[in-house]
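Chemist: To start, I am sharing the structure in question, which I have written as structure tokens.
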Amino acid sequence: MRLSIAETAILLGKTDRQVRYAIRSGALPAERVGGRWFVKQDDLPISDGMQIARQAKARRAGKAAVRRTDGDAPIAGAAEKGTYSVRMLDAYEQGAPLYREMTVALGRDHAAVGHLRTALYALAAGCHAYDAADKAARYREARTEGSHAVMSLLLDEADGDAWVEQLEGRFLPRLGGLIRRAERRARRRDDA
């Protein structure tokens, strides 16, 4: 099966740029068809188990570059088209369902619900920010609001232990990862 650059990058856990470099340097065999590079799946330096695990992880994160419609026939997904969405972020995948669940149980006016909503808005702003320093600042804002949501639940003693665990165990750590990546990008640009 032939894979596009984007599909190859997802399966290898690399960026498109890294895959193109590997092709240019000869480290990864590829063929050019109609102005586009394709890599044979059999030429990928990963085991079948690794490939299946990475595809599952990419699908869970909303980043799947390959969707299957009929057996083994791949079709291009959003990643190949170059789209980028807040829905691709693990933090969104953890926070949005939690927000909906808390809204139903506690009501839209509860302080924790309001803080989580603000956190999700800041997450979206960070996702779509162009400047790496601005991205990091927005993600930090989202993390602060998420922390406020935790404290609101704890102070109200509203049987929110499960939500606190999800916020502290899933949502906030993913925001921390986004902050670290954005800060590294900002430092690299400052050093350049």
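The values are calculated or read from the model by the stated rules, or taken from the named source; none is laboratory data. Every value quoted in this text rests on a predicted model; they were computed, and no experiment measured them. Glycine also receives a Cβ, built like all others from the backbone with ideal geometry; neighbour counts cover every protein chain displayed. Surface areas here come from the heavy atoms of the whole protein model, side chains and all, with no ligands, DNA or RNA. Shrake-Rupley method; radii C 1.70, N 1.55, O 1.52, S 1.80 Å.
Chemist: If Rh is defined by the Kirkwood formula over all Cα pairs and Rg also comes from Cα, what ratio Rg/Rh do you get for segment 91-143? Kindly include the intermediate steps, with their values, before the conclusion.
Modeler: On the way: Rg = 11.9 Å, Rh = 11.3 Å.
Rg/Rh: 1.05.
Chemist: What accessible surface, in Å², does a 1.4 Å probe find on E7, ignoring ligands, DNA and RNA and rounding to the nearest 10?
Modeler: Answer for E7: close to 10 Å² accessible.
Chemist: While we're looking at this one, here's another question. Multiply the residue separation of S25 and D42 by 0.36 nm, subtract the distance between their alpha-carbon atoms, and state the gained length in nm to one decimal. Write out the running numbers ahead of the final one.
Modeler: Numbers: separation 17, 0.36 × 17 = 6.12 nm, distance 1.88 nm.
Extending this stretch completely gives an extra 4.2 nm.
Chemist: Once the whole set of protein chains is in place, how much accessible area is left on H148, using a 1.4 Å probe, in Å² to the nearest 10?
Modeler: It works out to around 80 Å².
Chemist: Give me the accessible area of S85, 1.4 Å probe, in Å² rounded to the nearest 10.
Modeler: 20
Chemist: Next question. Would you mind getting me the FRET efficiency between D156 and A133? Use the beta-carbon distance for r and R0 = 35 Å, nearest 0.05.
Modeler: Working: r = 35 Å, r/R0 = 1.00.
My answer for the efficiency is 0.50.
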